[in-house]
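Chemist: Would you mind keeping the following structure in view while I ask a few things?
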């Protein structure tokens, strides 16, 4: 039998916990080789973020069960993964190293001397090579503020600094022919919408 009751006086089976657990966070969609991929944050798995691939029929979670894809660059993260012909580059939340996910999962960049001391984000592919370019954030025990720079990283784990000296870097973009690199930089206390510099670099002898 229906009963009329004042608002807020009846017990609902839909609790705040159920709402939070059901709210998956979808972000950073990509289309690569005719497949759609995205990041999926799962509250029911302690907030773990995974890569999901949809091939037109089914959605499949990629990587081992313990994998958590997230970068801590600038603390709020973003740009934590990159699909390429060599596999999927990703930042693991557990150690902030770059890993390559293909048939298996293997580390690319070395461990830092301090926990999560080297962090990577905003990766882009350099066409016709195994190189990528990333925004890197380096933390040191002796420094209050982290150091940000751009670096080229290849599948062998070689890290070559591309640009440094500014407080912040973002948005590296490589031309379709792989010959030009554009990126933004700015300095504290400015925000990028207040004062930002646009840089262009040319690729020569395998470097920038």
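Chemist: Find the Cα radius of gyration of the stretch 126-208, compare it with 2.2 N^0.38 Å by division, and give the number to two decimals. Walk me through the numbers on the way to the answer.
Modeler: Values: Rg = 13.6 Å, N = 83, 2.2 N^0.38 = 11.8 Å.
That ratio works out to 1.15.
Chemist: Next question. Only Cα pairs under 8 Å and at least 6 apart count here; give the relative contact order of the stretch 66-202 as a rounded whole percent.
Modeler: On the way: 311 pairs, mean separation 20.1, N = 137.
Worked out over the stretch 66-202, it gives 15 percent.
Chemist: Could you calculate the contour length gain from residue 59 to residue 196, that is, 0.36 nm times the residue separation minus the distance between their Cα atoms, to one decimal place in nm?
Modeler: On the way: separation 137, 0.36 × 137 = 49.32 nm, distance 3.96 nm.
So the extension gain works out to 45.4 nm.
Chemist: Let me ask something else. Could you work out Rg/(2.2 N^0.38 Å) for the stretch 15-134, with Rg from alpha carbons only?
Modeler: Values: Rg = 14.7 Å, N = 120, 2.2 N^0.38 = 13.6 Å.
So the Cα radius of gyration is 1.09 times the expected 2.2 N^0.38 Å.
Chemist: A follow-up question, please. Where the centre of each part is set by its Cα atoms, how far does the stretch 123-139 sit from the stretch 103-118, in angstrom?
Modeler: If we compute the Cα centre of each part, the gap is 15 Å.
Chemist: If you don't mind, there's one more thing I want to ask. Looking only at 55, 194, 85, which one moves most when the chain is put into a Gaussian network model with springs between Cα atoms under 10 Å?
Modeler: 194
Chemist: For 51, 159, what's the fewest-to-most ordering of other Cβ within 10 Å of each Cβ?
Modeler: Working: 51 22, 159 17.
Starting with the residue having the fewest Cβ neighbours, the order is 159, 51.
Chemist: With the chain treated as a Gaussian network of Cα nodes joined by springs under 10 Å, which of 193, 81, 99 yields the largest mean-square fluctuation?
Modeler: Of 193, 81, 99, the Gaussian network model singles out 193 as fluctuating most.
Chemist: Report the label-to-label distance for residue 128 and residue 36 in nanometres (one decimal), using points 7 Å from each Cα along the Cα→Cβ vector.
Modeler: About 3.3 nm separates the two model spin labels.
Chemist: On the first, second and third principal axes, largest extent first, how far apart are the outermost C-alpha atoms of the stretch 112-151 in Å?
Modeler: Ordered largest first, the stretch 112-151 gives principal extents of 39, 16, 11 Å.
Chemist: In addition: Which whole-number percent of Cα pairs in the stretch 75-191 have a distance greater than 24 Å?
Modeler: 22 percent
Chemist: With Rg and the Kirkwood Rh both taken from Cα atoms, where does Rg over Rh land for the chain?
Modeler: Checking Rg against Rh, the ratio lands at 1.08.
Chemist: Provide, for q = 0.24, 0.27, 0.32 Å⁻¹, the log10 of I(q)/I(0) from a solvent-free Debye sum over equal Cα point scatterers in the stretch 17-62.
Modeler: -0.83, -0.94, -1.12
Chemist: Go ahead and set up a Gaussian network model of the chain, Cα springs under 10 Å, then flag whichever of 94, 68, 33 fluctuates most.
Modeler: 33
All of the numbers you see were taken from the coordinates with simple rules; none came from a lab. Since the model is a prediction, treat every value here as computed from it, not as a measurement. A quick note on method: Cβ atoms are made from the backbone with ideal geometry, for glycine too, and the neighbour counts reach across all protein chains shown.
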